């Protein structure tokens with residue numbers, strides 16, 4: 001096993017990646033729009049879709065799959081390690097930012113239907129295995145994914161909108177600028193959340209089913225950068241007993257949804273620390289740290305949350321004396337080497 005080929009793509013420091021991200025998203029949005037339109041034209045309008053990924057890539061697929069399903073296009077999202085052979089004739093959309101995720105490439109190679117690879121690193125095994133490729137364009141990224149995650153989420157969301165609405169929303173073209181304004185406006189809250197995170201022994205991230213990728217992606221980011229134990233939970237599942245492990249040093253990060261008020265009221269009655277990311281009005285009387293999300297659609301929500309959590313993670317890592325670019329476990333056999 002080797003990660004030489006994976007590391008050859010080059011990585012920039014996490015702090016540098018965070019600082020550049022919103023400007024980069026503004027630059028690449030028009031290009032991604034054209035590439036998404038071209039990829040969708042090659043694939044055609046699919047009857048059924050199977051999306052696969054692993055790690056941050058799996059998280060980035062959640063909102064687009066929920067969008068497609070809500071608009072009448074049968075779509076499922078599978079962990080590539082659990083997907084098996086896709087032999088049901090569904091169109092396969094595989095996301096791997098490096099194009100070398102072993103589990104995702106294995107599924108892509110064995111698939112029998114149409115295969116579209118969404119990648120950042122263009123020269124990769126997954127691109128070779130695909131019928132069509134949607135590339136982010138070899139964007140400079142950090143080892144703990146920043147723009148690799150947000151641009152992937154943007155690209156797959158654009159694809160989803162093409163299949164449901166005929167073209168991507170024009171709002172994507174202004175997303176980078178709106179994210180930059182959001183980050184400046186919420187800088188003080190990012191500092192406050194970083195303080196809470198640094199003091200926490202464990203973090204529970206809770207999101208509704210259609211936005212579970214927010215919790216998955218956020219948990220992965222915080223684990224990688226700050227090394228705090230973080231776990232993602234779907235809101236209804238969390239209500240079914242999983243919240244029983246809460247203690248005074250647990251930090252609860254909750255994305256609003258139909259049932260978030262039940263979670264917040266239950267935790268608030270115990271005086272727990274709660275951070276809420278909200279698009280809608282507060283529906284309870286508990287004392288929480290509320291972060292308003294100015295997303296123009298549900299597809300933008302994961303990107304808004306990711307951008308703020310990246311800032312939080314960077315600050316918390318600094319407070320903990322942790323190098324965000326140092327991974328304890330890198331060569332674990334998850335990336336294909338040349339010739340594999």
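Which members of the stretch 182-207 meet the condition of being over 19 Å from residue 246 (Cα atoms) and either in contact with a strand residue (DSSP E or B) (Cβ under 8 Å, 6 or more places away or on another chain) or assigned to a strand (DSSP E or B) (or both)?
If the condition is that a residue be over 19 Å from residue 246 (Cα atoms) and either in contact with a strand residue (DSSP E or B) (Cβ under 8 Å, 6 or more places away or on another chain) or assigned to a strand (DSSP E or B) (or both), then 186, 189, 192 are the ones that fit.
Determine, yes or no, whether residue 132 is crowded, with 16+ Cβ neighbours inside 10 Å, in the same structural domain as residue 21 (by TED's automatic domain parsing) and within 16 Å of the chain's Cα centre (by Cα).
Numbers: crowded, with 16+ Cβ neighbours inside 10 Å: yes; in the same structural domain as residue 21 (by TED's automatic domain parsing): yes; within 16 Å of the chain's Cα centre (by Cα): no.
Against the criterion (crowded, with 16+ Cβ neighbours inside 10 Å, in the same structural domain as residue 21 (by TED's automatic domain parsing) and within 16 Å of the chain's Cα centre (by Cα)), residue 132 does not qualify.
Among 17, 39, 29, which is farther than 14 Å from residue 150 by Cβ, over 15 Å from the mean Cα position of the chain (by Cα) and either in the same structural domain as residue 111 (by TED's automatic domain parsing) or surrounded by fewer than 21 Cβ atoms within 10 Å (Cβ to Cβ) (or both)?
Values: 17 fails: farther than 14 Å from residue 150 by Cβ; 29 fails: farther than 14 Å from residue 150 by Cβ.
Exactly one of 17, 39, 29 is farther than 14 Å from residue 150 by Cβ, over 15 Å from the mean Cα position of the chain (by Cα) and either in the same structural domain as residue 111 (by TED's automatic domain parsing) or surrounded by fewer than 21 Cβ atoms within 10 Å (Cβ to Cβ) (or both), namely 39.
Considering only residues that are under 26 Å from residue 12 (Cα atoms) and touching a strand residue (DSSP E or B) at 6+ places or on another chain (Cβ under 9 Å), which ones fall in the stretch 144-181?
Looking only at the stretch 144-181, we keep the residues that are under 26 Å from residue 12 (Cα atoms), and these are 144-157, 172-181.
Result: 152, 155, 156.
Please give the number of the condition residue 148 fails out of (1) part of a helix (DSSP H, G or I); (2) under 27 Å from residue 288 (Cα atoms).
That leaves (2) as the condition not met.
Given (1) part of a helix (DSSP H, G or I); (2) in contact (Cβ under 8 Å) with a residue 12 or more places away in the chain, where does residue 223 come up short, assuming only one miss?
That leaves (2) as the condition not met.
The values are calculated or read from the model by the stated rules, or taken from the named source; none is laboratory data. This structure is a prediction, so every number in the text was calculated from the model and none was measured. Positions of Cβ are backbone-derived with ideal geometry, glycine not excepted, and every protein chain shown enters the neighbour counts.
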